[in-house]
Amino acid sequence: MNDSDPSAEAGTTREAEMTQEQDTGPPDEVDAVRDAVERSRSGAPAVGAVVRDRFSSDEVFQRIVAAADEEITSGSRELLFSSIAAGLAISITVLLYSSLYGSTDGHPILSALLYPLGFIYIIIGGYQLYTENTLPPVALTLERLASVPALLRHWLIVIIGNFIGGTIGAAVLAWGGVFSPEAEEAAVYLGTHGAETPWFDLFFKAAFAGLIVAGVVWVAFASRDTISRLVVVYLAFLAIPLGNLFHVVTSFTELAYVVFVGEYPLLPGLTGFVLPVLLGNTIGGVVLVTIVNYYQTSEERLESARFGGADSRLTPTEWLLGGIAGRSFVPLIDTVEETAADPDTFRILVPIANPRTESALVNFASTLASQKESAVVHVVHIVQLPDQTIAGYSMDQRQQIIDESDSQLEGIRETVESYNVGVETSTVVTYRSFEEIFRTAERKHTDLVVMNWEVNDLWDAARAERPLGELTQQLPCDFLVLRERDLDASRIVLPTAGGPDSDLSAEVVKLLRSGTGSEITLLHIVDGPDEREAGEQFLEEWAAEHGLEDVTLEVDDSGDVEDAICRAVEDNTMLVIGATERGLLSRLVSGSLHLDIIEDIDKSIVLAERPTKRSLYERLFGRR
């Protein structure tokens, strides 16, 4: 037992850090918050960090929540391939178990000695195995930090990936000439033996196996080092064959093998063998371990694991319905406060990844706000955690991150205040940056979101996370996405063919003209000279309807929309263009017209989209 005082050790460590900072100088302002995140990984929540010889149950829970944050927010592709790798690793267990079973004539102990090897690969390698996921994601769900749909999505992807990997491994074992004749006979016996076991016997045997696997996960997070975890994993998984228990992925792989060699039909094997094992593993892992271990922790477990404690939980409706009712996951740190709807206040949300380099974006939003009678600019600093990061924070570490971010946002607040408009700032640390933008807009009753495009971590993360989900729901408010080229709004081109997004573009250019004296050119493109007169009439009427009668009107009869826009912008400084019938987000993700224009034009570009009542088909593919 280590008798050293952890608080004294922490104090010594902090003194050393302060000395080092004095020697090397303060970190660059751009990376200060990310550095704080990096430093926080050495605290108790970070997997593998050693604080003292033994973790309390609260600390174990905190470490599990930190790991579950990454797991349940993983992209579908990464999650699927990780689970496929786990299924392939299980085929190693089937190979070794069958080989030893055949060579030892079914000796109950000798045949099982190498059974745990595939599971060791999985746990030490960090692959996704279904039975392991009855603990960390469930802990998040019990705390209402993740929704039930998010948990079910996670489980579904993992079990499908495990089964794919197991199927591939079983096919190689069946047709690759890997087994000796004795091993082939043993593999057939093991596969058919499980399938011939009574349904309820399988269920209860699988429940005990689920208890063992979920228990291994808990103990592994309580272990101090890799050797300890190896010993625990080996002994625990050795108990499965010794106790004649059943693990769903192993059972599925064994069944797939006997199906491939023609010794057993697929459908009866799935319903009479794999299904009861799946249910038993799930019930055993969730009820016998997760819930029991969850309630042995103290009432302060959530406060120690998450910023905001119980106040940051999902609402009951969000917990049951996920993103349909709001959000499906609570970010690691979220200082955004709910705001009551106020129709007399125009609210602009500006999500930024770097407070120092995105000042032009804030100036643009402040210019728009300054032309409103009552306006508030809310700048939210979103710290996007990279993939494969497990981040947990003590209360002091969380406060350090918030303080660092708040310090960086001080200059932003001064900038907005210089426009004589209200200003709010907040910080969010999350794996899902783009989803948090939508959620923050809803919580703050935002009228307009202004965000950057072009080497922007927040938008890049949107394309990697769940673009389809965002495309198929209504926007929470108006959106402006900027591609900066010095952000000069002195001479603006606004192409229009009508529609709500062009209406938004008109409102934007009018505000810019009021704030900066911009010169505005309206552009309408027709298919040929025969349509020029009708095009001129349309443009005149549209300009009059939007209070832009005194601007320059230009009709292009080339019929080539992209070339016409490029020509019109050559002698101007900014392009403001609506999303038209297909939607801004769908165009940005699919790389259609607007992306081509962005690449071709070396000027500032503002892309505008207004919420509409498009159907699912129309939002994905456009109107026909």
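Readers should treat all values here as calculations from the given coordinates under stated rules, not as data from a laboratory. Quick caveat: nothing in here was measured; it's all calculated off a predicted structure. Ideal geometry is used to build each Cβ from the backbone, glycine not excepted, and the neighbour counts take in all protein chains shown.
Taking label positions 7 Å along the Cα-Cβ direction at both S359 and A239, the computed distance is 6.1 nm, reported to one decimal. Full extension of the chain segment joining E549 with Q537 gains 3.1 nm, where the gain is 0.36 nm per residue of separation less the Cα-Cα distance. The modelled label-to-label distance between S57 and F81, using points 7 Å beyond Cα along the C-beta direction, is 4.0 nm. Determine which residues of region 133-177 fall in the zone a paramagnetic label at L266 would reach in this model, i.e. backbone nitrogen under 20 Å from the point 7 Å along Cα→Cβ. Output list for this probe position: 157-176.
Note on I109 and E196: the model spin-label points, each 7 Å out from Cα along the C-beta direction, lie 2.8 nm apart. Along the Cα-to-Cβ line of S418, 7 Å from the Cα, sits a label point; which residues in region 331-359 have backbone N less than 17 Å from it? Counting only backbone N, you get 355-359. For the peptides 543-553, 493-503, 273-283, the ranking by packing is 273-283, 493-503, 543-553, with the highest mean count of neighbouring Cβ atoms within 10 Å listed first.
Between amide H atoms placed 1.01 Å from N, distances below 5 Å from F246 occur with A206, A209, all of them 5 or more places distant or on a separate chain.
Mean projection of the Cα convex hull over all viewing directions, computed for region 125-171: 3.4 nm².
For region 100-241, what does the alpha-carbon gyration tensor say about shape, rounded, prolate or oblate, given a ≥ b ≥ c as the root eigenvalues, a/c under 1.5 as rounded, and a/b over b/c as prolate? Judged from the Cα gyration tensor, region 100-241 comes out prolate (a/c at least 1.5, a/b above b/c). The relative contact order of region 96-220 comes to 36 percent, based on Cα pairs under 8 Å that sit 6 or more residues apart.
Overall form of region 52-184: oblate. Here a/c, set by the Cα gyration tensor axes a ≥ b ≥ c, is 1.5 or more, and a/b is not larger than b/c. Between the amide H of L548 and any residue lying 5 or more places away or on another chain, no distance stays under 5 Å, with hydrogens modeled in the peptide plane. Could you calculate the FRET efficiency of A325 with A171 from 1/(1 + (r/R0)^6), where r is the beta carbon distance between them and R0 is 35 Å, rounded to 0.05? E(calc), rounded to 0.05, equals 0.25. For region 67-165, the relative contact order comes to 45 percent (Cα pairs under 8 Å, sequence separation of at least 6). 3J(HN,Hα) along region 104-119, derived from phi through the Karplus expression 6.51 cos²θ - 1.76 cosθ + 1.60 where θ = phi - 60°, amounts to 10, 6, x, 4, x, 9, 4, 5, 9, 4, 9, 4, x, 4, x, 5 Hz, with x in place of Gly and Pro.
Once backbone amide H atoms are built at 1.01 Å from N, R313 has no partners under 5 Å, excluding neighbours fewer than 5 places away on the same chain.
Between E338 and D560, the contour length at 0.36 nm per residue exceeds the Cα-Cα span by 75.3 nm.
Mean separation of Cα pairs under 8 Å and 6 or more residues apart, divided by the residue count, gives region 205-290 a relative contact order of 54 percent. Applied to region 264-274, the Karplus parametrisation 6.51 cos²θ - 1.76 cosθ + 1.60 on θ = phi - 60° returns per-residue 3J(HN,Hα) values of 7, x, 6, 4, x, x, 5, 7, x, 10, 5 Hz, with x for Gly and Pro.
When +1 charges are put on Lys and Arg Cβ atoms and -1 charges on Asp and Glu Cβ atoms, the dipole computed for region 92-229 relative to its Cα centre reaches about 600 debye. Computed from backbone phi, the HN-Hα couplings of region 446-451 come to 6, 8, 8, 9, 10, 9 Hz, rounded to whole numbers (Karplus: 6.51 cos²θ - 1.76 cosθ + 1.60, θ = phi - 60°; Gly and Pro given as x).
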